[in-house]
Every structure is written in C-alpha cells, then in structure tokens.
C-alpha cells in the first residue's frame, strides 16, 4: 500500500502547478483548468488524511468540493461563451476593458 505522505506530496505538486498556471496564463479556459487542478489537489489531500485517520469526513468534503467545482465550471464556461461572443477572444487582458 502506498504511504499517505506520497499522496500529500502529489497534492502539493498539483497545487503548485495550478497556482503557477493561474499566475502565468492569460487564457480564461486555462485559468479555469488551473483552478480545477487546485481543487483536485485539495481533494487528494482530504482523501490522504482520510486514509490516515480512518474517518469518512474527508470524503464528505471531497463530495462538496466536487459539487462546487462542477458549478464553477458551468458558470465559468457560460461567462466565457458570453465574453467570446462580445470580444471574439478569451484573453484576460481584453476582459479588463469590459469594466469601463
């Protein structure tokens, strides 16, 4: 059986990759994917701690996080479609122009 520390290291690496993706990318779809990557890294950490503590509370949190991630993806993609119809581009720098 794989030790839970390996899962925590994997979770940390995925969190760092997601954070770097949010900082570096300018495409909205890539930002959403990076956010999903970060949420999944939290899910892996919850399951790892759940495995260590022999408790089901981590799995309940994972269920709620997956629900929030699905809602975030649906709303985000809807907004991306609306912005693409207006600007014909999904670059983050172009969206800042919508404020004024």
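Within the chain, the proportion of C-alpha pairs whose separation exceeds 19 Å stands at 52%. Axis of helix 28-53 versus longest Cα principal axis of the chain: the two differ by about 10°, to the nearest ten degrees. Only helices enter the 222 nm calculation for the chain: every DSSP H run of n ≥ 4 contributes -39,500 (n - 2.57), and dividing by all residues gives -28500 deg cm²/dmol, rounded to 500. With respect to the chain, whose longest principal axis is taken over its alpha-carbon atoms, helix 57-87 is tilted by about 10°.
Each reported figure results from applying straightforward, stated rules to the coordinates on display, with no laboratory input. Fair warning: this is a prediction, and the values are worked out from it, not measured in the lab.
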